[in-house]
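Participant: Here you go, one structure.
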Amino acid sequence: MDEIANDRTILNRFSMIDAAALTEEMNIRGVASLGKILSDEDIAWFLQDLRRKKEEDIAEFGIETLKANFSIETVNDLGRFAGKYYDLIGGDQLNTIVNTLLNDKAVIHSYNAIILDGKEKSEMVGHGFHRDMPWFPNCRTSIIVMIPLVDYGPDNGSTQFVPGTHAFRDMPSLDFLMKHRQSAVGKAGEAFVVDSCTWHRAGDNVSGLPRPMIVIKYTLAPFKQQVEFYLSNKELESAAPIVKQRLGWNVRVPHDYLENRDWNQETRKFKSGQYDMSNTYFK
Ligand SMILES: O=C(O)CCC(=O)C(=O)O
Ligand SMILES: [Fe+2]
């Protein structure tokens, strides 16, 4: 008997987080498995919804334009759809992970789906080895939570990463990266996390089938976001406090010095307490 109370609930009951073990994995390897974080019902819902949203995107802008904008394989700014996309980022399991690896002020830098079409390879930057944040010594400023919606492995372009490379300033040689790369392997809905400084890339999808994956990049509150979510997300103002925090509601930039004079913490855009580096240093 299915115990799901309502289909807007993202289940966070699959695996307990062992915070110490997860932190150690991330400190030393810069990558860790997170276990199953989506129910099969949620996976089916997101798969169908993202397929439809990509079709709408193509209908609106056309394949050639999306290719030219390096956007043929992505659905961007998932927060603008609110609903289940807010349930996902508001869920306990994901937020415990973020609080464990960053802190409770951390915000979402980007919230996208990367479909990695099995037929047309785009010029998306993610196909080459890269990092997604500037490097700081002994400090984790950003993590990327990846949630594939299909079973994944080397054949369908699962993400490749090189453990340990987050801790070093310089890019390793391509020979080193090719020699030590590992492919993420798992079942649909089983997530993994990389430090944004761990060198990684999308694998080659030779399966002929799409590889849809929800990708949530978190960063510390004072860092910039990819999009002004508080403007693009029409429902953010009335969302749950945790969703507002994650989408940057509490670190909005005042338009001018007059707006910055607002010291009422309720209405103030960049609220106090957001310059928070706690929990981010490792040695
Ligand atoms: O699509 C992938 O497997 C890689 C994605 C990636 O590099 C990213 O989202 O930062
Ligand atoms: Fe990346």
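The values are calculated or read from the model by the stated rules, or taken from the named source; none is laboratory data. Bear in mind the structure is a predicted one, so any value in this text is a computation, not a measurement. Because the Cβ atoms are built from the backbone with ideal geometry, glycine has one as well, and the counts that use them run over all protein chains shown.
Participant: Hey, among the residues in the stretch 194-217 that are assigned to a strand (DSSP E or B) and more than 13 Å from ligand 2 (Cβ to nearest atom), which one's surrounded by the most Cβ atoms within 10 Å (Cβ to Cβ)? Lay out the reasoning, then the answer.
Facilitator: We begin by selecting, within the stretch 194-217, every residue assigned to a strand (DSSP E or B); these are 194-195, 200-201, 205, 213-217.
From what's left, more than 13 Å from ligand 2 (Cβ to nearest atom): 205, 214.
Details: ASN205: 22, ILE214: 24.
The extreme case among them is ILE214.
Participant: Another question, if that's okay. Within the stretch 246-262, how many residues turn out to be hydrophobic (A, V, I, L, M, F, W, C), part of a loop (DSSP other than H, G, I, E, B) and either under 32 Å from the mean Cα position of the chain (by Cα) or surrounded by 10 or more Cβ atoms within 10 Å (Cβ to Cβ) (or both)?
Facilitator: Looking only at the stretch 246-262, we keep the residues that are hydrophobic (A, V, I, L, M, F, W, C), and these are 247, 249, 251, 253, 258.
When the remaining residues are screened for being part of a loop (DSSP other than H, G, I, E, B), the result is 247, 249, 253, 258.
Next cut, either under 32 Å from the mean Cα position of the chain (by Cα) or surrounded by 10 or more Cβ atoms within 10 Å (Cβ to Cβ) (or both) only: 247, 249, 253.
The qualifying residues number 3.
Participant: Quick one: in the stretch 110-132, which of the residues that are at pLDDT 95 or above and within 24 Å of ASP175 (Cβ to Cβ) is surrounded by the most Cβ atoms within 10 Å (Cβ to Cβ)?
Facilitator: This residue is ASP132.
Participant: Given the condition within 14 Å of ligand 2 (Cβ to nearest atom), in a loop (DSSP other than H, G, I, E, B), within 18 Å of the chain's Cα centre (by Cα) and within 20 Å of MET178 (Cβ to Cβ), answer yes or no: does some residue in the stretch 147-157 qualify?
Facilitator: Within the stretch 147-157 (the criterion being within 14 Å of ligand 2 (Cβ to nearest atom), in a loop (DSSP other than H, G, I, E, B), within 18 Å of the chain's Cα centre (by Cα) and within 20 Å of MET178 (Cβ to Cβ)), the answer is yes, since at least one residue qualifies.
Participant: Can I ask one more? VAL227: within 16 Å of ligand 1 (Cβ to nearest atom) and β-branched (Val, Ile, Thr), yes or no?
Facilitator: Numbers: within 16 Å of ligand 1 (Cβ to nearest atom): yes; β-branched (Val, Ile, Thr): yes.
For VAL227, the condition - within 16 Å of ligand 1 (Cβ to nearest atom) and β-branched (Val, Ile, Thr) - is met.
Participant: Of the residues in the stretch 147-160, how many are near ligand 1 (Cβ under 8 Å from one of its atoms), crowded, with 24+ Cβ neighbours inside 10 Å and modelled with pLDDT of 95 or more? Full working, then the answer.
Facilitator: Within the stretch 147-160, the subset near ligand 1 (Cβ under 8 Å from one of its atoms) is 157-160.
From what is left, the residues that are crowded, with 24+ Cβ neighbours inside 10 Å are 157-159.
Still in the running and modelled with pLDDT of 95 or more: 158-159.
Count: 2.
Participant: Among (1) in contact with a strand residue (DSSP E or B) (Cβ under 6 Å, 6 or more places away or on another chain); (2) in a helix (DSSP H, G or I), where does TYR111 come up short?
Facilitator: (2)
Participant: Quick check on this structure: which one of ALA221, ALA191 is on the phi < 0 side of the Ramachandran plot, surrounded by 19 or more Cβ atoms within 10 Å (Cβ to Cβ) and within 16 Å of ligand 2 (Cβ to nearest atom)? Give the steps one after another, and end with the answer.
Facilitator: Details: ALA221 fails: within 16 Å of ligand 2 (Cβ to nearest atom).
Matching residue, one of ALA221, ALA191: ALA191.
Participant: Now a separate question. Looking only at the stretch 199-224, how many residues end up being near ligand 1 (Cβ under 10 Å from one of its atoms) and over 18 Å from the mean Cα position of the chain (by Cα)?
Facilitator: Summing the residues that are near ligand 1 (Cβ under 10 Å from one of its atoms) and over 18 Å from the mean Cα position of the chain (by Cα) in the stretch 199-224 gives 1.
Participant: Continuing with the same structure: For the stretch 158-189, what are the residues that are in a loop (DSSP other than H, G, I, E, B) and among the hydroxyl-bearing types (Ser, Thr, Tyr)? Even if it seems obvious, please write down each step before you answer.
Facilitator: First, the residues of the stretch 158-189 that are in a loop (DSSP other than H, G, I, E, B): 158-159, 162-164, 168-173, 181, 184-185, 187-189.
Within the stretch 158-189, SER158, THR159, SER173 qualify.
Participant: When the residues of the stretch 213-268 are narrowed to those that are without any contact (Cβ under 8 Å) to a residue 60 or more places away in the chain and of a type in the set (A, V, I, L, M), which ends up farthest from ASP87 (Cα to Cα)?
Facilitator: Of everything passing the filter in the stretch 213-268, LEU258 is farthest from ASP87 (Cα to Cα).
Participant: Taking SER196, is it within 16 Å of ligand 1 (Cβ to nearest atom) and either small (Gly, Ala, Ser) or within 22 Å of ASN95 (Cβ to Cβ) (or both)? Please lay out each step first, then the result.
Facilitator: Working: within 16 Å of ligand 1 (Cβ to nearest atom): yes; either small (Gly, Ala, Ser) or within 22 Å of ASN95 (Cβ to Cβ) (or both): yes.
So SER196 fits the description; yes.
Participant: Right, another one. Filter the stretch 23-74 for residues that are more than 25 Å from ASP92 (Cβ to Cβ) and not in a helix (DSSP H, G or I) and give the result.
Facilitator: GLY62, ASN69, PHE70, SER71, ILE72, GLU73, THR74
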